[in-house]
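The values are calculated or read from the model by the stated rules, or taken from the named source; none is laboratory data. Not measured: the values here are computed from a predicted model. Ideal geometry is used to build each Cβ from the backbone, glycine not excepted, and the neighbour counts take in all protein chains shown.
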Amino acid sequence: MKLRHAAALALVGWLMMTPPTARDGKILYNAPLADWEHERGGDTEAQCRANIENLLRGIKKAYPDSLKEEKWQAVRAAKCISTDDPRLKKK
């Protein structure tokens with residue numbers, strides 16, 4: 001492997017992305033990935049997935065009842081996306 005290829009691979013990380021929410025509170029599951037919100041990341045996909053699980057566990061404590069279900073659904077829909085994924089670029 002050439003040095004520049006190894007360097008490019010070293011820069012790749014993982015982003016935990018959650019779908020955006022409309023003004024009326026509905027979760028926009030079908031929104032383009034570039035419009036999703038970056039919550040947390042990780043150096044590996046496994047770290048990213050662990051962040052999703054940790055966030056789900058913390059929702060009960062962190063959010064009032066009125067927001068729990070909405071936030072729970074958004075985090076359940078979260079995806080771990082590589083930082084070099086072309087779908088993250090706005091068109």
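Let's see how each residue does on (1) of a type in the set (Ser, Thr, Tyr); (2) in contact with a Leu (Cβ under 8 Å, 6 or more places away or on another chain):
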site	(1), (2)
ASP65	no, no
ARG76	no, yes
THR83	yes, yes
ARG87	no, yes
LYS90	no, no
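Please state which one of ARG57, ARG49 is touching a strand residue (DSSP E or B) at 6+ places or on another chain (Cβ under 9 Å), at pLDDT 80 or above, charged (D, E, K, R) and not in a loop (DSSP other than H, G, I, E, B). Break it down into steps so the answer makes sense when it comes.
Numbers: ARG57 fails: touching a strand residue (DSSP E or B) at 6+ places or on another chain (Cβ under 9 Å).
Answer to the check: ARG49.
Restricting to region 63-80, give me the number of residues that are among the aromatic types (Phe, Trp, Tyr) and either surrounded by fewer than 12 Cβ atoms within 10 Å (Cβ to Cβ) or closer than 16 Å to TRP14 by Cα (or both). Show your work before the answer.
Taking region 63-80 and keeping what is among the aromatic types (Phe, Trp, Tyr), we get 63, 72.
Still in the running and either surrounded by fewer than 12 Cβ atoms within 10 Å (Cβ to Cβ) or closer than 16 Å to TRP14 by Cα (or both): none.
Residues flagged as among the aromatic types (Phe, Trp, Tyr) and either surrounded by fewer than 12 Cβ atoms within 10 Å (Cβ to Cβ) or closer than 16 Å to TRP14 by Cα (or both) within region 63-80 amount to 0.
Which is modelled with pLDDT under 90, in a strand (DSSP E or B) and not charged (D, E, K, R), of HIS5, HIS38?
Working: HIS5 fails: in a strand (DSSP E or B).
So the residue among HIS5, HIS38 that is modelled with pLDDT under 90, in a strand (DSSP E or B) and not charged (D, E, K, R) is HIS38.
Under 20 Å from LYS89 (Cβ atoms) and free of Cβ contacts under 8 Å to residues at least 12 places away in the same chain, is that true of LEU33?
Values: under 20 Å from LYS89 (Cβ atoms): yes; free of Cβ contacts under 8 Å to residues at least 12 places away in the same chain: no.
Answer is no for this residue.
Give me a count of the residues in region 23-61 that are under 13 Å from GLN73 (Cα atoms) and of a type in the set (A, V, I, L, M).
Total satisfying the criteria: 6.
Name every residue in region 8-32 that is in contact with a strand residue (DSSP E or B) (Cβ under 8 Å, 6 or more places away or on another chain) and at pLDDT 90 or above, in order of residue number.
Step one: filter region 8-32 for residues in contact with a strand residue (DSSP E or B) (Cβ under 8 Å, 6 or more places away or on another chain), giving 12-21, 27-28.
Result: GLY13, TRP14, LEU15, MET16, MET17, THR18, PRO19, PRO20, ILE27, LEU28.
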